Structures are given as C-alpha cells and as structure tokens.
Amino acid sequence: MADKELVDQFLEMLAAERGRAANSLSAYRRDIENFLEHTSDPLLNTTSETIRHYLAELHAEGLKVSTVARRLSAIRQLFLFLYREGIRSDNPAKNIESPRQPVKLPMTLADKDVGRLLDTAEQKTRRGKLKALRAHALLETLYATGLRISELVSLPRRAVGPDTTMILVRGKGGRERMVPLGDKARRALAVYLQALLAKEAEKGVKSPAGTHYLFPSRGAKGHLTRRRAGQLIKKLAVEAGLDPQTVSPHKLRHAFATHLLTNGADLRAVQQMLGHADISTTQIYTHVIDERLKSLVLEKHPMADD
C-alpha cells in the first residue's frame, strides 16, 4: 500500500473518530510529509533507527524543540494507527522519546529593584492615606512571605494580629501551611489595619461581611482582586522608575524564593513556604540564583580549590 494512501487513511480516522478540524489535519499532513521527504524508507519498512535519524537531522537544522516534539507526535500517532489497524505488526515509534523542552526559568527581580519598589511604597505612606498604607502593606507582605497573590488578597482579617509571627495560609488543593511573617511586613500591616479600622469606624461599618478580609473591597468577592492588586504594584513600579512590564505579584513571589536561596536558605524550607507539592517545582529557582551563591559555594565548600 502506498504511503499517500496510508496517510490519507490516518487523517480520515482523525477526522471521523477524533473530530480534528481541517487546520489540524493540514498540520498533521505537513509534519508527516516532512518526515517522508527526509527518509527513503516507505512507511511499511520504517524502523526506529530511521525515526531517530530524522530527529537528529531536525536538531542539526536548528529547529525549535517544540517543533521537533510536534513532528514526533504526528509520527507516533501515525505508526500507532498503522499498528492498531494491523497494517504493521510493530510500532517503530513506540520507544522514541520526545525531546526535552528547555527549562523555562522564572522571571524575577533584582534585590535593588525590590528595594526601590518597597522604598517608594513606604515613602507614599507619609501622608497617612489609607490607599497608600494598603499598597505598602500588600507589597511588604507579598515579598516577605512569597504568597500567591490570590492567597494574600483572600486572607481573613483574623490571620494577622499584633503579635503574629506565622500566618496560616490555605493554598492550592485546600492544603494549609504556616508561613513566617517578618517584622517589617508586620509593622506595615499594623499601621494599615489601624487606619482601616479607623476608617470603618468613621463610616459606621459593623457588618462582619465588611471586615472579614485583610484587604476588603466593595466588589463581589468582598476582597481586593488579583487584577487590582497587580495594578497597584505596577503603579508603584512606575513611580519607582522601573519598567512596569517587569514587575508583577508573581515576579515578587519569584524574587522571594530566589533571594532566599541566594542567601543560603534550605530548599525544602522554601518549598514549604511557597506551598509547592513537589520539590522539583522549587528547584527551578536554583537555576536563577545570582553569582553570590555560586561564589559562596566555591569559597566555603571544603573541597573547593585553594
């Protein structure tokens, strides 16, 4: 049976049984035809070695890993179809591994940039306005704890008191964890909460619904939204002379983790504070620590060169 006929049968199956759209079918055809153009073996005689040689050629051409992985996926599905239909007695693509995607390192902020951001937020509190105090408390707590912004804005008011040193956080999957709260963040929260309580008393707010959250809002959720929190932080970034595109709540979370590891924090302790279920998720931050940690290892490790 000719290769073209086999490919047509495969595409017909994708359309009929899996409901693939015309654009998707065209993409499959292009990827498979590219494979056939690179090889001299007909599909019925293709071996695993043929497929590996094809992938090596793609890498040599400098194609992106994602493109190579996509083409291999099309080849795999084709040969699986031929095997299941009894057209081939084996599947040469069965044990071919997909090329590994390069690790995408999280974008983070340098210490000095975080410092500029925090200084700007603190300077704006000198007038004592509630919004400035809120922004400062939000920023200090975000960087001090590494919380996800969704976790922070939904914290209940009772989570923080005058003597609070640990915050109980409910994270993804309902998992709870304890996260330390530093002195600077605690002071910023205390000043903010004092102003908030005074404002609520002035307005006669007595309903528990109005005082349930640490960062309340008149919106439907009853607390500051992730989007609004992000806007406040980007506004502070502009005032601090930073590119707002480089600053976000999530990048502050990355900065929290990276800066802790840079200064020698234990990886598992950082994992617990971030609420990562798998330590491999936390390990990505070890790839973005700056040269200070590398120098520390070289200087202090007992096996380092003299």
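Is it true that L252 is open to solvent by less than 20 Å² (accessible area, probe 1.4 Å), part of a helix (DSSP H, G or I) and at pLDDT 90 or above? Considered against the rule, which asks whether it is open to solvent by less than 20 Å² (accessible area, probe 1.4 Å), part of a helix (DSSP H, G or I) and at pLDDT 90 or above, L252 comes out as yes. Residues of segment 211-229 that are closer than 14 Å to A135 by Cβ, assigned to a loop (DSSP other than H, G, I, E, B) and touching a residue at least 40 places away in the same chain (Cβ under 8 Å): L214, F215, L224. Restricting attention to segment 119-160, the residues that are open to solvent by 40 Å² or more (accessible area, probe 1.4 Å), over 17 Å from G182 (Cα atoms) and among the hydroxyl-bearing types (S, T, Y) total 2.
Within segment 14-24, which residues are assigned to a helix (DSSP H, G or I) and surrounded by fewer than 16 Cβ atoms within 10 Å (Cβ to Cβ)? If the condition is that a residue be assigned to a helix (DSSP H, G or I) and surrounded by fewer than 16 Cβ atoms within 10 Å (Cβ to Cβ), then A15, A16, E17, R18, A22, N23, S24 are the ones that fit. Of all residues in segment 234-243, those satisfying the criterion of being closer than 12 Å to D113 by Cβ and surrounded by 16 or more Cβ atoms within 10 Å (Cβ to Cβ) are L236, A237, A240, L242.
The values are calculated or read from the model by the stated rules, or taken from the named source; none is laboratory data. Values in this document were obtained by computation on a predicted structure and should not be read as measured data. FYI the Cβ positions are ideal-geometry reconstructions off the backbone, even for glycines, and counts take in every protein chain you see. Remember, those area values only see protein heavy atoms, side chains included, never the ligands or the DNA or RNA. Shrake-Rupley method; radii C 1.70, N 1.55, O 1.52, S 1.80 Å.
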